[in-house]
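Participant: This is the structure I want to talk about, given as structure tokens.
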Amino acid sequence: MLCLGARLTLWHVNVAQGDSKAENLMSAQLSGGCDHVHTKIESAPIDNHVCHCNVCKAVTGQQTTHVAFFNYGDVEVDHPEKLNRQPFNAANPDGPLELCTCKDCGAAIMLDDKQKRIRVAVPNVMGYDVASFPEATYHAFYDDTKGYAKPHDGRPVYEGLRPEFKWPASA
């Protein structure tokens, strides 16, 4: 995991290169959720990628999914008692990630880590303003067996998470 200073440096580099979304995140908050459960984030993501994994494909129905990891304590949920929790990965029901949905309307709210390391936002699925959400910085979990061309949009492409990513300690 990058230390806060390194993460801020990366965000400042993005701002210097004209990334207004990075600049806006430093001075504004992100909010998502539904009419019944709201999330609020005031910190930059610790990881922000376009995911090509089969689990994301199965859950979202999308070929690729924009996924942002935040430190566990950086994502506030106003009504956690209104969340239904189910395994994120049906093939690994005892895995650490849970898909949290609203008990009232069924909307996807976030992915929650049972080990309390991260919380995950999928902007176009979890009620965030996609236009103001920071853009993904790389492609994760791509492999040639996916049946489609390797992305060529200028962002790095990896077979897993970016090599320098370190899972944070539990909160």
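Participant: Please determine, by comparing only the residues of the range 107-136 that are out of contact with any strand residue (DSSP E or B) (no Cβ under 7 Å at 6 or more places or on another chain) and part of a loop (DSSP other than H, G, I, E, B), which one is nearest to H66 (Cα to Cα).
Facilitator: Ranking the qualifying residues of the range 107-136, first place goes to E135.
Participant: Name every residue in the range 87-104 that is surrounded by 12 or more Cβ atoms within 10 Å (Cβ to Cβ) and not aliphatic (A, V, I, L, M), in order of residue number.
Facilitator: P87, F88, N89, G95, P96, E98, C100, T101, C102, K103, D104
Participant: Okay, moving on. Which of the residues belonging to the range 139-148 are on the phi < 0 side of the Ramachandran plot, assigned to a loop (DSSP other than H, G, I, E, B) and modelled with pLDDT of 95 or more?
Facilitator: If the condition is that a residue be on the phi < 0 side of the Ramachandran plot, assigned to a loop (DSSP other than H, G, I, E, B) and modelled with pLDDT of 95 or more, then Y142 is the only one that fits.
The values are calculated or read from the model by the stated rules, or taken from the named source; none is laboratory data. Predicted model only: the values in this text are computed from it and were never measured. Please note: Cβ atoms are built from the backbone with ideal geometry, for glycine as well, and neighbour counts cover all protein chains shown.
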